[in-house]
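The values are calculated or read from the model by the stated rules, or taken from the named source; none is laboratory data. Since this is a predicted model, take the numbers as computed values, not measurements. Reconstructed Cβ throughout: ideal geometry from the backbone, glycine too, with neighbour counts over all protein chains shown.
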Amino acid sequence: MTTFAVHLSEQLESFVDMKVGSGAFRDRSAVIESALADMLQQDTRLTALKAKIQDGLDELDAGLGIEVDDIEAWLDSLGR
């Protein structure tokens with residue numbers, strides 16, 4: 001595992017120390033590692049969501065969409 005220095009604002013440093021002090025994390029490194037793991041997961045989900053949105057836009061461009069005049073009625077028909 002690589003070690004490197006991280007410079008944090010006082011606010012973030014206090015937050016990290018609070019997390020360690022609460023017993024939720026064993027040390028500062030664990031807090032940072034958890035935060036980065038969460039960020040990686042969020043980025044992965046965002047990338048997948050963007051791909052699904054693009055798929056939908058591509059389908060609309062290809063004329064594969066459905067026209068809905070009354071969105072409320074359509075949602076009700078889906079069992080909303």
Restricting to helices (runs of 4 or more DSSP H) lying wholly in the chain: which have 2 or more residues that are of a type in the set (Val, Ile, Thr)?
-> 10-21, 28-61
Among the residues of the stretch 53-71, write down those that are among the small types (Gly, Ala, Ser) and either touching a residue at least 40 places away in the same chain (Cβ under 8 Å) or loosely packed, with under 10 Cβ neighbours inside 10 Å (or both).
-> ALA62, GLY63
Inspect all residues belonging to the stretch 59-78 and state whether any of them is modelled with pLDDT under 95 and touching a Phe, Trp or Tyr at 6+ places or on another chain (Cβ under 8 Å).
-> yes
